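This report refers to the structure that appears directly beneath it.
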Amino acid sequence: MSTQTSAADRLSRLLAMVPYLLTRQGVPLADAARHFEISEDELVKDLELLFVCGLPGHMPGDLIEADWESGKVYLDNAETIARPLRLGLDEAITLLVGLRTLAAAPGAGDRDALDGALAKLTEATGDAGRAAGAVAVDLDDGVDALVLSTVREALADRRRLHLRYLVPGRDEATERDVDPMRVVSLAGHWYLEGWCHRADGVRLFRLGRVLAAHRLDEDGTPPPHARSRDLDDQLFTPSPTDTLVTLDLGPRSQWVVDHYRPEHTEELDDGWTRVRLRTADTGWLRQLVLRSGGGVVVVGPPDVVAQVAHDADLALARYA
Amino acid sequence: MSARRTERLLNLVIALLATRRWLTKEQIRQAVPQYAENESAEAFDRMFERDKEALRELGVPLETGTHSSWFDDELGYRIDPDAYALPEISFTPPELAMLGLASRVWQQASLAGPASRALVKLKALGVETDAASLVGIEPRVSTNEPSFDRLYAATRDRAPVAFSYRKGGRGEPARREVEPWKISSWRGRWYLIGFDRDREDSRVFRLSRISGQVQRIGAPGTVEAPDDVDSHAMLREVVVSTPDRTARLRIEAHSGQVLRRRAGAPPHTGEVEVGFADVDELAEEVAALGARAEVLDPPDLREAVIVLLKGAAAAHPVAPRATEAAVRAE
């Protein structure tokens with residue numbers, strides 16, 4: 001995780017690191033680095049920075065003392081910043097709202113841990129509790145309660161599921177056996193991520209499109225090579241044989257960028273964005289273009305442009 | 001460059017925490033060695049302004065005040081160590097795991113920065129996350145609407161706002177003045193619940209219908225929200241209002257599964273009746289089906305679908321048939 005960190009973010013880490021190190025004299029470099037989710041090299045750079053900072057005057061007695069030669073970290077003379085920095089308002093709000101969202105999500109997490117975290121954080125952040133009340137995230141998407149509980153229980157008990165699933169782009173119902181891996185809520189809708197035996201791969205199934213779910217009597221442990229997608233990476237995983245499409249997205253269609261995670265984005269004028277992404281089939285794209293009324297424009301390849309133009313003309317012909 | 005700025009900011013924080021009295025800008029300039037690189041007073045002023053802003057963004061409580069023996073306009077700065085510090089908390093590992101999940105709810109939203117910084121700050125407490133607590137339910141929220149950031153801030157700060165709003169259907173945008181009470185995400189969309197000053201009543205606004213920039217029209221702290229705004233109920237009442245209208249659609253057999261489910265219609269019937277409240281929303285569903293569906297009734301829904309289809313068609317002018325060579329050259 002060594003992306004370019006801004007000075008402010010790095011300062012935030014240092015202000016958290018000093019209290020941590022002061023109360024853990026002799027902590028091994030590796031342990032501290034792991035705790036802060038940085039490499040040991042980055043940690044050493046942080047220590048080297050601390051080493052040259054201190055009280056005004058910057059005489060030897062003013063500077064922070066840091067020693068890590070033995071592979072264990074010792075810190076001294078940093079009294080002014082010995083206490084951790086409090087949470088800012090937005091920081092507290094995001095955590096409080098996040099916890100409340102989890103608390104309202106069906107079967108989410110350890111109830112006691114949620115309640116405990118919420119109570120302690122509310123007390124420690126004073127004002128933020130009230131401000132956080134102004135923001136709410138409602139995850140209820142009208143999913144059939146029986147479907148949701150069947151899926152959650154199968155996940156908890158590691159049982160395989162049989163789903164009748166409505167494939168959106170193709171407007172058809174399919175039957176699949178799935179080993180459940182996790183349940184996620186993305187863009188306000190619940191999905192089951194699981195190993196699909198029919199597709200022989202990890203798939204996301206929108207629970208709202210599950211027509212029926214039955215728990216099977218078979219073990220539902222996914223195969224060892226089944227990897228959960230990084231949710232913050234892609235909702236749809238492309239393969240090199242997919243079609244590469246170029247789209248222009250208008251201001252109201254910017255959500256496509258987050259939802260489909262294109263490989264390339266370019267800002268155009270007037271709030272438009274040009275993106276390139278790969279897709280195995282174009283069914284969903286053709287539907288998206290029509291429903292967007294010009295907010296999603298296919299720029300290339302020409303055969304997809306022609307397909308979409310044809311779709312629109314055929315549809316309009318019904319109203320002629 | 002970044003390391004130098006970080007050193008400067010750290011020295012600044014230390015100097016402001018260590019002082020027992022207000023420090024003037026000039027004293028700060030002397031106290032922090034990195035400010036010496038500025039050739040002019042103006043350059044230092046600009047650098048100092050940016051640094052103050054960075055500290056504020058991090059939630060460092062910077063105080064300003066004056067000393068009675070100074071000239072009236074001489075500002076002094078300091079950080080009160082008690083205001084600076086995180087109160088004593090101790091989370092258990094499972095609680096910290098929940099906080100990690102809570103933070104990740106915002107990973108795809110514009111508040112991802114504060115959400116992850118919050119976790120970094122909590123690392124000072126030294127608690128290790130208990131990975132076993134992560135049970136496999138992971139919510140994510142996104143903030144795609146351009147108006148989100150400003151409306152979130154105004155709602156948080158309790159400041160009244162004005163914005164241009166287009167009601168459903170083909171309405172013209174109109175200026176609305178609103179006292180924001182709550183901002184809520186549901187089914188992937190953000191809604192503002194607040195007091196509409198012209199209509200003198202509470203209203204729900206869909207952020208995607210706001211155009212242009214949201215403006216503040218009053219000071220923070222002036223909006224009084226009721227204690228018990230039930231966003232859950234209000235959204236359902238307004239957004240998914242009991243379908244009070246019926247549309248007649250012609251759908252090709254075995255097509256339009258989603259609409260058929262909604263209408264409770266079997267897969268093969270040609271004519272389907274579906275209840276709806278929101279013309280725009282149904283128009284999008286029908287348009288998506290292209291030639292496989294047609295609106296028979298009502299006229300405004302039919303018109304809305306035609307507008308969408310025309311928009312899509314106009315954006316893709318039919319070009320001369322693409323040749324193989326042209327396709328390969330792409």
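Just a few scattered comments:
- Yes/no for B:LEU151 being closer than 22 Å to B:LEU282 by Cα, open to solvent by less than 40 Å² (accessible area, probe 1.4 Å) and either in contact with a Lys or Arg (Cβ under 8 Å, 6 or more places away or on another chain) or in contact (Cβ under 8 Å) with a residue 12 or more places away in the chain (or both): no
- Selection from the stretch A:192-209 of residues that are over 19 Å from B:GLU138 (Cα atoms) and modelled with pLDDT of 90 or more: A:CYS196, A:HIS197
- The criterion of being within 11 Å of chain B (Cβ to nearest Cβ) and at pLDDT below 90 does not hold for A:TRP272.
Conditions tested, residue by residue: (1) more than 10 Å from chain A (Cβ to nearest Cβ); (2) within 20 Å of A:GLY88 (Cβ to Cβ); (3) basic (Lys, Arg).
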{"site": "B:GLU26", "(1), (2), (3)": "yes, no, no"}
{"site": "B:ARG29", "(1), (2), (3)": "yes, no, yes"}
{"site": "B:PRO33", "(1), (2), (3)": "no, no, no"}
{"site": "B:GLU37", "(1), (2), (3)": "yes, no, no"}
{"site": "B:GLU42", "(1), (2), (3)": "yes, no, no"}
{"site": "B:ARG46", "(1), (2), (3)": "yes, no, yes"}
{"site": "B:GLU53", "(1), (2), (3)": "no, yes, no"}
{"site": "B:GLY59", "(1), (2), (3)": "no, yes, no"}
{"site": "B:GLU63", "(1), (2), (3)": "yes, yes, no"}
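- The helices (runs of 4 or more DSSP H) found wholly in the stretch B:192-299 and carrying at least 3 residues that are open to solvent by 40 Å² or more (accessible area, probe 1.4 Å) and under 30 Å from A:ALA309 (Cα atoms) occupy B:257-263, B:279-288.
- A:LEU163 vs. criteria over 30 Å from B:LEU192 (Cβ atoms) and open to solvent by less than 20 Å² (accessible area, probe 1.4 Å): yes
- Residues (more than 9 Å from chain B (Cβ to nearest Cβ) and either farther than 21 Å from A:ASP46 by Cβ or of a type in the set (Asp, Glu) (or both)) located in the stretch A:64-98: A:GLU65, A:ASP67, A:GLU69, A:ASP76
- For the stretch B:125-144, a residue qualifies if it is charged (D, E, K, R), crowded, with 19+ Cβ neighbours inside 10 Å and at pLDDT below 85, and exactly one does: B:GLU138.
- Long-range neighbours under 8 Å by Cβ, at least six apart or interchain, first residue free of Cβ contacts under 8 Å to residues at least 12 places away in the same chain within the stretch A:261-279, second crowded, with 18+ Cβ neighbours inside 10 Å: A:THR265/A:THR273; A:THR265/A:VAL275; A:GLU266/A:THR273; A:GLU266/A:VAL275; A:GLU267/A:THR273
- Complete set of residues in the stretch A:203-217 that are within 14 Å of another protein chain (Cβ to nearest Cβ), in a strand (DSSP E or B) and of a type in the set (A, V, I, L, M, F, W, C): A:LEU204, A:VAL210, A:LEU211, A:ALA212
- Within the stretch A:291-320, being closer than 14 Å to B:PRO317 by Cβ, over 35 Å from the mean Cα position of the chain (by Cα) and more than 7 Å from chain B (Cβ to nearest Cβ) holds for one residue alone: A:HIS310.
- Matching residues, the stretch B:102-124, being open to solvent by 10 Å² or more (accessible area, probe 1.4 Å), facing chain A (nearest Cβ under 7 Å) and of a type in the set (Lys, Arg): B:ARG117, B:LYS123
- Residues considered: A:GLY271, A:GLY293. Of these, the only one that is under 12 Å from A:SER253 (Cβ atoms) and surrounded by fewer than 17 Cβ atoms within 10 Å (Cβ to Cβ) is A:GLY271.
- The residue of the stretch A:157-191 that is modelled with the highest pLDDT, among those that are of a type in the set (Gly, Ala, Ser) and over 17 Å from the mean Cα position of the chain (by Cα), is A:ALA173.
- Note on the stretch A:1-87: enclosed helices (runs of 4 or more DSSP H) holding 1 or more residues that are closer than 27 Å to B:LEU23 by Cβ and open to solvent by 10 Å² or more (accessible area, probe 1.4 Å) are A:7-22, A:40-51.
- Number of residues in the stretch A:99-141 that are more than 17 Å from B:VAL127 (Cβ to Cβ), open to solvent by 20 Å² or more (accessible area, probe 1.4 Å), at the interface with chain B (Cβ under 8 Å from one of its Cβ atoms) and among the charged types (D, E, K, R) equals 2.
- Test: residue in the stretch B:174-181 that is assigned to a strand (DSSP E or B), surrounded by fewer than 16 Cβ atoms within 10 Å (Cβ to Cβ) and at pLDDT 95 or above: yes
- Of all residues in the stretch B:51-102, those satisfying the criterion of being in contact with a strand residue (DSSP E or B) (Cβ under 9 Å, 6 or more places away or on another chain), under 17 Å from B:ALA124 (Cβ atoms) and part of a loop (DSSP other than H, G, I, E, B) are B:LEU58, B:GLY59, B:VAL60, B:PRO61, B:LEU86.
- Residues that are modelled with pLDDT under 90 and outside any loop (DSSP other than H, G, I, E, B) were ranked within the stretch B:1-36; the one that is most open to solvent (accessible area, probe 1.4 Å) is B:ALA36.
The values are calculated or read from the model by the stated rules, or taken from the named source; none is laboratory data. Predicted model only: the values in this text are computed from it and were never measured. Cβ: placed from backbone, ideal geometry, glycine included. Neighbour counts: every protein chain shown. The area values use the complete protein model at the heavy-atom level, side chains included, leaving out ligands, DNA and RNA. Shrake-Rupley method; radii C 1.70, N 1.55, O 1.52, S 1.80 Å.
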